[in-house]
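Asker: Got a structure here, written out as structure tokens. Questions coming.
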Amino acid sequence: MKFLFGFLVITNFSCSAQQTSLIAKDAELEVVADSFTFTEGPAMAPNGDVYFTDQPNDRILKWSAAENRVSVYLEPSGRSNGLYFDNEGNLLACADEKNQLWAIDPNKNIEVLIGDFEGKKLNGPNDLWVDQKGGIYFTDPYYQRDYWTRTAMELEKQQVYYLSPDKKEVSVVANDLVQPNGIIGSADGKLLYVADIGDKKTYSYSINSDGSLGNKTLFTNMGSDGMTLDEQGNVYLTGNGVTVFNKKGEKILHIPIDQGWTANVTFGGKDQKTLFITAMNSVYTLEMNVKGVR
């Protein structure tokens, strides 16, 4: 398998980029590889490597931060979409071939954590985040897949769920969204951001001690496919490139990507200052002055 490498100089940042100084001086948007069908779900491993998915081709890939190269990690992958590493170093995957949530250990052994809710198939786990206790929040929108035999939801709603740290209880924590998609939590574990891509909005929630959510607040009138946070509390949303908002929900930066859709984003690299972007058939990196948060 061959992967192509190249560079694309960003020339049309707005003045807000200069004001925030989020991007490293003289940084260039690097095309790391562009031989995929649709890239998604980037997740940073403890050593700074980033794992991501090429769902149409049913595989999980790994970007080596040290070598700046991509290799296949797992194929087939259960049509994995969103990924995230848990607190024990297992790779969690939204494997929507059979509407499941997986845990993949370092030896690539797979454990199905959840596959249904109250006896009905999940719509298709999409994105996820792990809290400090090891509980898992995940979104479950419905996107009809050509590899499914079913053509309709079994559940009445597209919801956000919480899998308890002991992996024994699944509960609905948000049931009033149109189509929840991107999800990320703050480093201190106090806030959860959820993008309602179906309603073109992103909300913040306070996280209660039992894992439930409260204080739903409109963060911005923009939905998102994937999302991440940096150490300053800025929120990175995707779709038309990458758009960055400060804690107040004010737009402070737009990173244009020459693709029809930018699906997801995370921070990676040894110092966690490399912005890793998945967009259509390609993956990109951009060096930043800020670190991501876990």
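The values are calculated or read from the model by the stated rules, or taken from the named source; none is laboratory data. Everything numeric in this text was worked out from a predicted model, so none of it was measured. Cβ placement follows ideal geometry from the backbone for every residue including glycine, while neighbour counts extend to all protein chains displayed. SASA here: full protein model, heavy atoms, side chains in, ligands and nucleic acids out. Shrake-Rupley method; radii C 1.70, N 1.55, O 1.52, S 1.80 Å.
Asker: At pLDDT 95 or above, open to solvent by less than 70 Å² (accessible area, probe 1.4 Å) and under 22 Å from Val72 (Cβ atoms), is that true of Trp129?
Answerer: Details: at pLDDT 95 or above: yes; open to solvent by less than 70 Å² (accessible area, probe 1.4 Å): yes; under 22 Å from Val72 (Cβ atoms): no.
For Trp129, the condition - at pLDDT 95 or above, open to solvent by less than 70 Å² (accessible area, probe 1.4 Å) and under 22 Å from Val72 (Cβ atoms) - is not met.
Asker: Sticking with this one: When residues of the range 181-211 are filtered for being open to solvent by 40 Å² or more (accessible area, probe 1.4 Å) and over 18 Å from the mean Cα position of the chain (by Cα), how many remain?
Answerer: The total comes to 6.
Asker: Identify, please: which residue in the range 247-266 is of a type in the set (D, E, K, R) and either in a strand (DSSP E or B) or free of Cβ contacts under 8 Å to residues at least 60 places away in the same chain (or both) and is, among those, most open to solvent (accessible area, probe 1.4 Å)?
Answerer: Just the residues of the range 247-266 that are of a type in the set (D, E, K, R), to begin with: 247-248, 250-251, 258.
Those left that are additionally either in a strand (DSSP E or B) or free of Cβ contacts under 8 Å to residues at least 60 places away in the same chain (or both): 247-248, 250-251.
Working: Lys247: 140, Lys248: 165, Glu250: 94, Lys251: 129 Å².
Among residues in the range 247-266 that are of a type in the set (D, E, K, R) and either in a strand (DSSP E or B) or free of Cβ contacts under 8 Å to residues at least 60 places away in the same chain (or both), the one most open to solvent (accessible area, probe 1.4 Å) is Lys248.
Asker: Further question: Cβ-Cβ distance below 9 Å, separation of 6 or more or different chains: which pairs start in the range 48-71 with a residue that is modelled with pLDDT of 95 or more and end on one that is among the basic types (Lys, Arg) and assigned to a strand (DSSP E or B)?
Answerer: Asp49/Lys62; Val50/Lys62; Tyr51/Lys62; Phe52/Lys62; Thr53/Arg59; Trp63/Arg69; Val70/Lys62; Ser71/Lys62
Results for (1) in contact with a Phe, Trp or Tyr (Cβ under 7 Å, 6 or more places away or on another chain); (2) within 21 Å of Lys168 (Cβ to Cβ); (3) open to solvent by 20 Å² or more (accessible area, probe 1.4 Å), shown as yes or no for each residue.
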| position | (1), (2), (3) |
| --- | --- |
| Ala27 | no, no, yes |
| Ala33 | yes, no, no |
| Glu67 | no, no, yes |
| Glu75 | no, no, yes |
| Trp102 | no, yes, yes |
| Asp105 | no, yes, yes |
| Ile110 | yes, yes, yes |
| Glu118 | no, yes, yes |
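Asker: Still on this structure, I have one more. Here is a list of conditions, (1) open to solvent by 70 Å² or more (accessible area, probe 1.4 Å); (2) over 24 Å from Val244 (Cβ atoms), and Tyr143 meets all of them except one; can you say which number that is?
Answerer: (1)
Asker: Of all strands (runs of 3 or more DSSP E) completely enclosed by the range 39-158, which ones contain at least 1 residues that are among the hydroxyl-bearing types (Ser, Thr, Tyr)? Write out each step before concluding.
Answerer: Details: elements: 39-44, 50-54, 59-64, 69-74, 80-85, 91-95, 100-104, 110-114, 128-130, 136-140.
By residue number, 39-44, 50-54, 59-64, 69-74, 80-85, 136-140.
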